Amino acid sequence: MCGQPDPGLAERQAQRALELTRAKEAAAALDSELSRAQRSVQSAVEARRKAEQDAQRLAGRAGAYRAQEITPREEARSRARAGESEVRAKLEAVKARRQELAQVAELEKKEASSSQQAEEAAKAWAATEGEALQHRKQTAKQLSQIFADLVIPMAPDKIRSAVIDPKTLAPKINGRTLKQLARSAGLVSITHTAFHLMVLEAARSMPLAMLPRCQWLDAPLDGLGGRPEGERLANAVLTVCAEVTGSDAKRLSCHMCGGSELG
């Protein structure tokens, strides 16, 4: 200023020039660095794009491979598992059915065995029943013979036939039961006496007949007509009793004609 010389101007200018040069160099370095950074970024972007493209391509390949290779195998495996489950279910059903059939077969065997046993039992029952009926008839026939031999001599003019009914084993006189003979007390008394004597004789002569523990013969003969006729019939009855009992009879109490006793 005021035209006066500046002794430090050249030095300052040189310093400024140096600083400007350094600033330009730094700016150039920064520009170079920025360019390198931009190139690096661009390279990174391109690398990323390429990586994305590669990833997309690989993903596509993986999807295609999955769709072509893995998915069919998974579906096939699923179908195989479903088929296996179905087969197992069918197998269990078959086992259950087989068990049911085995049970049915066993029941049929038991039923057949039971039927056979029932048939055999029915045959045995029929045979036994036939044998029992035959034995009953035979027993009734033997008892009828004993009974007739005893009762007819007691009143031969009044008794024409005497049998033991094979169904009831009850005595019949002249084809009539005791109930039908109720009006004739004398015949009822004679029948009772002869029936008891028949039991004693059957126990002595027939192997399957058993002797009763005790017998009480209470047979009044008043209904036979009384007096001579009644006395005659009473004596005939007592005579038959005495002949039948014989020497092995312990005691025969006959409350007939006033309760006379025969030993």
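The values are calculated or read from the model by the stated rules, or taken from the named source; none is laboratory data. In this text the structure is predicted, and so the values were computed from the model without any measurement. Counting neighbours? That spans all protein chains shown, and the Cβs are built from the backbone with ideal geometry, glycine included. SASA here: full protein model, heavy atoms, side chains in, ligands and nucleic acids out. Shrake-Rupley method; radii C 1.70, N 1.55, O 1.52, S 1.80 Å.
Between residue 179 and residue 70, what length in nm is gained on full extension when 0.36 nm per residue of separation is reduced by their alpha carbon distance?
28.5 nm
Per 10 Å bin, what is the whole-percent P(r) computed from every C-alpha pair distance within the range 135-209?
All Cα pairs considered, the percentages come to 21, 57, 21, 2.
With a 1.4 Å probe and all protein chains kept in place, how do 98, 36 rank by accessible area, largest first? Don't skip to the answer; put the middle values down first.
Values: 98 160, 36 100 Å².
Putting 98, 36 in descending order of accessible area: 98, 36.
Computed on alpha carbon atoms, what radius of gyration and Dmax characterise the range 97-166, expressed in Å?
According to the Cα coordinates of the range 97-166, Rg and Dmax are 25.7, 84 Å.
Tell me, what is the 1.4 Å probe accessible area of residue 141, in Å² to the nearest 10?
We get 140 Å² for residue 141.
Modelled label-to-label distance, residue 108 and residue 19, 7 Å Cα→beta-carbon offset: nm?
Result for the modelled spin labels: 12.3 nm.
What number comes out for accessible area per residue over the range 63-174 if the probe is 1.4 Å? Units Å², please. Spell out each step's value before the answer.
Numbers: 8500 Å² over 112 residues.
Per residue, the range 63-174 has an accessible area of 76 Å².
Can you give me the % of accessible surface on the range 115-169 that is carbon or sulfur? Probe 1.4 Å, all protein chains present, nothing else counted. Working shown, then result.
Numbers: 2120 of 3730 Å².
That share works out to 57 percent.
Would you mind estimating how fast the range 11-50 diffuses translationally, via Stokes-Einstein at 20 °C and 1.002 mPa s with the Kirkwood radius over Cα pairs, in µm²/s?
Details: Rh = 11.9 Å.
For these conditions, the coefficient is 180 µm²/s.
Residue 94 accessible area, nearest 10 Å², 1.4 Å probe?
70
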